[in-house]
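The values are calculated or read from the model by the stated rules, or taken from the named source; none is laboratory data. For clarity, every value in this text was computed on a predicted model and none was experimentally measured. Cβ coordinates were reconstructed from backbone atoms using ideal geometry, including for glycine residues, and neighbour counts include every protein chain displayed. Note: areas computed on protein heavy atoms with side chains; ligands, DNA, RNA excluded. Shrake-Rupley method; radii C 1.70, N 1.55, O 1.52, S 1.80 Å.
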There are 2 protein chains.
Amino acid sequence: MAARTGTKGVPRRDREEQILAAAQEEFARVGYGAASVVTVARAAGISKPLVYSYFGSKEGLYVACVDAAGSIVADEVERSAGLGAVGLERGLLTVAGLTAVLDGRPHLWRVLFDPTVPDGTEAARAAARHTDRLHRLAVEGVGEMLELAGDSDPADRALTTRIWIGMLDTVLRWWAEHPDEPGASVLARVERIAAGLAAGLGAGLAAG
Amino acid sequence: MAARTGTKGVPRRDREEQILAAAQEEFARVGYGAASVVTVARAAGISKPLVYSYFGSKEGLYVACVDAAGSIVADEVERSAGLGAVGLERGLLTVAGLTAVLDGRPHLWRVLFDPTVPDGTEAARAAARHTDRLHRLAVEGVGEMLELAGDSDPADRALTTRIWIGMLDTVLRWWAEHPDEPGASVLARVERIAAGLAAGLGAGLAAG
DNA sequence: AGGGGATGTGACCTCGAGGTAAGTTACCCC
DNA sequence: GGGGTAACTTACCTCGAGGTCACATCCCCT
């Protein structure tokens, strides 16, 4: 076999994928800050220097992880945002897309939105390159809704965008803690909850 | 002065408060995981061993911080939950209480909900003792709303509770990044946004 | 005056994590 | 068969963080 070279002879591409998968699980489990490269290496069945040989540094490893996860997520969200829906429907389409594309691997979201990545580092910038794509789309959708309601305050729009992305974050995090739940089931939950909240908020608005 | 003892002569109680204030700012700024005790000590104008002499360990320091912050927050939320409001009104009363009691110190919230605290540690348990109080109240309020909408699925209720607390977390975090904003102004934003979302969700529900 | 306790610090220890150097094994190809 | 190279590891270095010890300073009280 031409591919089998070296002591264990796993070709570089394959090994890189194994390392990436192990690293994504570890980063999702304990966060970038608390993760250790040697733990990732052991999980991938190899030794630490091979990880450094392939990814350069812990930060480089994270950047590779977040580039993979971020492309999957941002591509899907851009796709579902391009469907032309507005308001609640647009939001639910986004959730539908995310539950579909992250089915079986909801932990990838946690790699993207990892609160343990230190500010100002290259790791944070790499994550921001992807989350900024989501942010732009979210501002768009949220702006439409607030504008309809007569609120054009830019800070309100920024805060509402953060709230919306925070809601996605909460749902995806809950999903990562319940990995047996299929994506379709999570989507159904979100739809039920949205309906319930709409009823409650509508009633509250009428009462106030 | 009877209080001035020792080299610099700051009595223990006063010093403990200074250390606590510095630690809360540091924990809020970079998170428990990334914070270092020596940085806290320097910010408080003293040396590291004094911090250890008064608080025992980094974990003990965090427990003291989170006990102070958690009591302030949980007491207020229990108070506003006891006012008898339901649905959206209850939620807005909670936000009103939080913006009032955290005015000038919104960073205390970040100490309570610090995602960099490692799971399974005493620090995490100390934070959970306070956040559990909030969680119980949130489940209550959220349960009412979902029940009214005909959704009695317990997992739906748990997820919705997390979403609600996540929304509070987002707002309080945004506030901590905009410390010049007075609490009343944050509350006004949330009220405008809630009205906007209610309109949007209501319209989406009618359209779907 | 001087012992005792509170306040406070410099110097040190330990340990784990990021990161590196040098060498080993196995295969390909001439 | 013997160099070249890819794959891989053991052993090491460095550094910062948590944590501790012995000691210094100052005031109160008898």
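List of remarks:
- As a size descriptor, the averaged projected area of the C-alpha convex hull of segment A:12-123 was calculated at 7.8 nm².
- Modelled FRET efficiency - R0 25 Å, B:SER57 with B:ARG79, Cβ distances, 0.05 increments: 0.15
- Remark: spin-label model distance A:ALA21-A:ARG136 equals 3.3 nm, labels positioned 7 Å along the Cα→Cβ axis.
- Computed over protein heavy atoms with a 1.4 angstrom probe, the accessible surface ordering of B:TYR54, B:TYR62, largest first, is B:TYR54, B:TYR62.
- For A:ALA126, neighbours were defined as the other residues whose beta-carbon sits under 14 Å from its Cβ, and their charges (Lys and Arg +1, Asp and Glu -1) total -2.
- Summed buried accessible surface, chains B and A, 1.4 Å probe, nearest 100 Å²: 3400
- The local environment of A:ARG192, defined by Cβ-Cβ distances under 9 Å, has a net charge of -3 under the rule Lys, Arg +1 and Asp, Glu -1.
- Surface calculation, 1.4 Å probe, protein heavy atoms: A:HIS107 sits at approximately 50 Å² accessible.
- Computed from the C-alpha gyration tensor, the three semi-axes of the ellipsoid equivalent to the protein assembly as shown are 35, 35, 18 Å, from longest to shortest.
- Centre separation in Å (Cα based) which lies between segment B:121-141 and segment A:74-88: 36
- For peptide B:185-198, the mean count of partner chain Cβ atoms within 10 Å of a residue's Cβ comes to 6.
- Rg over Rh, two decimals, chain B (C-alpha only, Kirkwood Rh): 1.06
- Protein accessible area in segment A:66-207, 1.4 Å probe - carbon and sulfur %: 57
- Applying 1/(1 + (r/R0)^6) with R0 = 41 Å to the Cβ-Cβ distance of B:ASP67 and A:ALA43 gives a FRET efficiency near 0.65.
- Taken as entire DSSP H runs, the helices of chain A that both span 18 Å or more between Cα atoms along their own long axis and average 0.5 or more on the Kyte-Doolittle scale are A:87-101, A:183-207.
- The count of lysine pairs in the protein assembly as shown whose Cα atoms are under 25 Å apart, excluding pairs fewer than 8 places apart on the same chain, comes to 6.
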